[in-house]
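Taken together, the values in this text are just the output of simple stated rules run on the coordinates, not laboratory data. Since the model is a prediction, treat every value here as computed from it, not as a measurement. Don't worry about glycine lacking a Cβ; one is built from the backbone with ideal geometry, like all the others, and counts go over all protein chains shown.
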Amino acid sequence: MIFSKDYVSYLARQTSKHLVATKMIKTDKPALVDERLAAAMIEELALEDRINDEVRVILEAFQDDMLKSGANYPEMFKKVKQELARKYRAVL
């Protein structure tokens, strides 16, 4: 993940404060809103990490074939990552 969890928590607090201030949401438990918003943001930001891990597993399975055909690992990584992003409907 490109952001620290502390920074994501800060962003969540600022976002919930803004939503309450603009009367887009009402809450009696702002700490709970902050916590849930931070969890959702962390999950979303971690999606790219999970996709990268899956790409590595896929390419590891085809490592021998890639060596025989002379495929470029960074290029294949990029192509497989794009396909998985489409599959998961992720914007990276």
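Data for the structure
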{"quantity": "Debye intensity ratio I(q)/I(0), log10, the chain, q values 0.10, 0.18, 0.20 Å⁻¹ (C-alpha model)", "calculated": "-0.43, -0.83, -0.92"}
{"quantity": "Kyte-Doolittle mean at least -1.0 and Cα axial length at least 20 Å: DSSP H helices in the chain", "calculated": "5-21, 30-45, 47-61"}
{"quantity": "Packing-based exposure ordering (other Cβ within 10 Å, fewest first) of Leu32, Leu11", "calculated": "Leu32, Leu11"}
{"quantity": "Sorted by Cβ neighbour density within 10 Å, fewest at the top, the residues Thr15, Thr22", "calculated": "Thr22, Thr15"}
{"quantity": "Modelled FRET efficiency - R0 35 Å, Ile42 with Leu67, Cβ distances, 0.05 increments", "calculated": "0.40"}
{"quantity": "Computed Kirkwood radius, in angstrom, where 1/r is averaged over Cα pairs of segment 5-45", "calculated": "10.1"}
